[in-house]
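Heads up, the thing below is written out as structure tokens.
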Amino acid sequence: MSVNLENILLNNPLVLASGVMGTSPTLLHRIALAGAGAVTAKSCGPDQRNGHPNPVMVAWEHGLINAIGLTNPGVEEEIPLLKEARKKLTPHKIPLIASIFAGTVDAYGLVTKAIVAAEPDMIEVNISCPNVQDDFGLPFAADRHSAADVTRAVKQFAGKIPITVKLAPNVPDIGRIAQAVVEAGANAITAINTMPGMIIDVDASQPVLFNSSGGISGPALKPIALHCIAEIARAVDVPIIGTGGVITGRDAIEMMMAGATAVGIGSALWYRGPEAFKLILSEMIKYLEKNKYRSVREIIGKALIK
Amino acid sequence: MKGGFEIRRVQNTYRINQTTSWISLEGSINAQPGQFVMVWLPEIGEKPFSIASIEPFCILIVAVGPFSNELQRLSSGDPIWIKGPLGHGFEIDGEHMILVGGGYGSAPLLPLAKAARAKDLEVLVCLGAQNSASILLQDAFEKSGCRVMVATDDGSRGKKGLVTLIVEQALQETIFDTLYACGPVGMLKALAKICFQHHLDYQLSWEAHMRCGLGLCGSCEVSQSFDPSLPVGWLACYDGPVFKHRWHPKR
């Protein structure tokens, strides 16, 4: 079941998506023990952030919605946490992906410069958080020029550490944005972040989230993610971490058939608990055996029209 | 478990002391003793609360900040919003039960005591708090047919000292199958140690800073430094709030 993500070997394609479980080394360790092929820490920025007040997350009929608001301890505090997480993950051969965000192109460079000290196996560049517009304005992922500028700033300080850029679904042509970030040096693409949305409680005549809007995840996101992954896979030739609404093994297979090399897992932990990793993996293996595939790598991009 | 909000109307409120109120809501809640709910008041916030009674559905409110102050201002007919029940609660294990409540930690123990008394089990309840006024729900436990012992820091009710004192004393006198507790972290840490020394099964309800309540954000991890028996990366909202430790596999 192993896959290769830009020279990083994953025992299996399932990657803990950023933001789920925070950056606690012991929580990331737990997820590694639960069967993840790699884990991504929660995004950290230049400074400490408390995030948004509650409510920050609810489940609805077809998924979840959240506006946590990039709660993080700031990059300086994050480094020892990531080092500790690495120490716990290395014996299990589970790669650690750090995730970073910032408000300006230069700040992305500075956060990168700091975070390399933690020696993560990969850096994910979050340019697409949908619920911090009041603080940071439109996400960099909304425009291919600014997405490329951020990618270059990160690449400049990342050294040998490969970078993956996390893209937003709510853009007119995600393939062009993928092209721009790959030309700017991205080694991989993570797609997609959550989709901006809103849930209203009619009894309260209010949006449920304190932040009003938030990011839609879970089953509702999957068809959007599949569309975006396919568009990116047609546009560029780098590995894709396909993320968005994967709850079952069949969902994960769909992501890979759309062109993903690895598959992000997030909301599934609400629906199935941390056991989701083992369950999804065994369902994938069942599918692959039944359909006589010798390796999971054979299904990557299988559903794309040539 | 339910992850979305549902409106409930306040039926009655009852002031227990200067800072504490008992709020009953319309209807019952399909929950296990020890599970919790997130309560949302639009424009004010959202916080976790123990379920203090299942039928009727009641919560205990202690005024500790703006949110609980606002809850205490509610009166009959006012709406609140509930997400839950969430998490994993207590399980009645064995026949001889000792329940330990610190301060408002007595709230989730009450439905457990009622469930045990419905099965005609003997229940000893040890309550501890700073002073007599902060001992909560003693009469409710007594009315359910539990034996109650009390300790206060200032000696204004029951024994003077920590609740662990009367727990140790009870463990010398009687053999219990399982200890159940909810209260401040310091009390739970001490009880875990006591249970370890006595080789006693225990179920402790841990409190932690909760954000999503759905097992995703990672805010409410309870550290193994509090109780080395806790699994790595244990989440109060999803795995707990009740952590169950059995010395032998379930009978």
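Search segment B:160-188 for residues being assigned to a loop (DSSP other than H, G, I, E, B) and in contact (Cβ under 8 Å) with a residue 24 or more places away in the chain, and hand back the single one that is surrounded by the fewest Cβ atoms within 10 Å (Cβ to Cβ).
Narrowing segment B:160-188 to residues assigned to a loop (DSSP other than H, G, I, E, B): B:161-162, B:174-177, B:183-184.
Next, only the ones that are in contact (Cβ under 8 Å) with a residue 24 or more places away in the chain stay: B:162, B:174-177, B:183-184.
Working: B:162: 17, B:174: 11, B:175: 8, B:176: 22, B:177: 15, B:183: 25, B:184: 14.
Here the residue is B:175.
With the condition kept exactly as written, say whether any residue in segment B:85-94 is within 11 Å of chain A (Cβ to nearest Cβ), in a strand (DSSP E or B), over 27 Å from residue B:117 (Cβ atoms) and in contact with a strand residue (DSSP E or B) (Cβ under 8 Å, 6 or more places away or on another chain).
If we filter segment B:85-94 for residues that are within 11 Å of chain A (Cβ to nearest Cβ), which is where we start, we get B:86, B:88.
Now restrict to residues that are in a strand (DSSP E or B): B:86, B:88.
Then keep just the ones that are over 27 Å from residue B:117 (Cβ atoms); that gives none.
No, every residue in segment B:85-94 fails to be within 11 Å of chain A (Cβ to nearest Cβ), in a strand (DSSP E or B), over 27 Å from residue B:117 (Cβ atoms) and in contact with a strand residue (DSSP E or B) (Cβ under 8 Å, 6 or more places away or on another chain).
Give the number of residues within segment A:247-272 that are over 12 Å from the mean Cα position of the chain (by Cα) and closer than 21 Å to residue A:57 by Cβ.
Restricting attention to segment A:247-272, the residues satisfying the condition of being over 12 Å from the mean Cα position of the chain (by Cα) are A:247-261, A:268-272.
When the remaining residues are screened for being closer than 21 Å to residue A:57 by Cβ, the result is A:247, A:251, A:268-272.
Counting residues in segment A:247-272 that are over 12 Å from the mean Cα position of the chain (by Cα) and closer than 21 Å to residue A:57 by Cβ gives 7.
In segment B:113-148, what residues are closer than 21 Å to residue B:186 by Cα and surrounded by fewer than 20 Cβ atoms within 10 Å (Cβ to Cβ)?
Selection gives B:130, B:131, B:132, B:133.
Being buried (at least 23 other Cβ atoms within 10 Å of the Cβ), in contact (Cβ under 8 Å) with a residue 24 or more places away in the chain, in contact with a helix residue (DSSP H, G or I) (Cβ under 9 Å, 6 or more places away or on another chain) and within 16 Å of residue B:11 (Cα to Cα) is the requirement here; does residue B:61 meet it? Spell out how you get there, then give the answer.
Details: buried (at least 23 other Cβ atoms within 10 Å of the Cβ): yes; in contact (Cβ under 8 Å) with a residue 24 or more places away in the chain: yes; in contact with a helix residue (DSSP H, G or I) (Cβ under 9 Å, 6 or more places away or on another chain): yes; within 16 Å of residue B:11 (Cα to Cα): yes.
In short, yes.
Right, residue B:203: outside any loop (DSSP other than H, G, I, E, B), on the phi < 0 side of the Ramachandran plot, away from chain A (no Cβ under 14 Å) and within 16 Å of the chain's Cα centre (by Cα) or not?
Numbers: outside any loop (DSSP other than H, G, I, E, B): yes; on the phi < 0 side of the Ramachandran plot: yes; away from chain A (no Cβ under 14 Å): yes; within 16 Å of the chain's Cα centre (by Cα): yes.
Yes.
Within segment A:46-81, can you find the residues that are surrounded by fewer than 24 Cβ atoms within 10 Å (Cβ to Cβ) and away from chain B (no Cβ under 12 Å)?
A:46, A:47, A:48, A:49, A:73, A:74, A:76, A:77, A:79, A:80
In segment B:90-105, which residues are touching a Leu at 6+ places or on another chain (Cβ under 8 Å) and closer than 29 Å to residue A:270 by Cα?
B:90, B:92, B:104, listed by residue number.
Residues B:29, B:44: which one is surrounded by fewer than 17 Cβ atoms within 10 Å (Cβ to Cβ) and of a type in the set (A, V, I, L, M)?
When all the criteria are applied, what remains is B:44.
Could you please let me know if residue B:156 is over 27 Å from residue B:56 (Cα atoms) and not β-branched (Val, Ile, Thr)?
Numbers: over 27 Å from residue B:56 (Cα atoms): yes; not β-branched (Val, Ile, Thr): yes.
Criteria met by residue B:156.
Any idea how many residues of segment A:11-35 are buried (at least 24 other Cβ atoms within 10 Å of the Cβ) and either hydroxyl-bearing (Ser, Thr, Tyr) or away from chain B (no Cβ under 12 Å) (or both)?
Selection size over segment A:11-35: 5.
Which residue pairs have Cβ atoms under 8 Å apart, sit 6 or more places apart or on different chains, and have a first residue in segment B:211-226 that is more than 8 Å from every other protein chain (Cβ to nearest Cβ) and a second that is in a strand (DSSP E or B) and at pLDDT 95 or above?
Matching pairs, first to second residue: B:220/B:235; B:222/B:234; B:222/B:235; B:222/B:243.
Of all residues in segment B:73-103, which are under 26 Å from residue A:201 (Cβ atoms) and surrounded by fewer than 17 Cβ atoms within 10 Å (Cβ to Cβ)? Before the answer, list the steps.
Taking segment B:73-103 first, the residues under 26 Å from residue A:201 (Cβ atoms) are B:73-87.
B:73, B:75, B:76, B:77, B:78, B:79, listed by residue number.
Given the criteria within 14 Å of the chain's Cα centre (by Cα) and under 29 Å from residue A:251 (Cα atoms), does residue A:32 qualify?
Working: within 14 Å of the chain's Cα centre (by Cα): no; under 29 Å from residue A:251 (Cα atoms): yes.
Judged against the criteria, residue A:32 is not a match.
The values are calculated or read from the model by the stated rules, or taken from the named source; none is laboratory data. Just so we're clear, the structure is a prediction, and the values are computed from it rather than from any experiment. We place every Cβ from the backbone using ideal geometry, glycine too, and count neighbours over all the protein chains shown.
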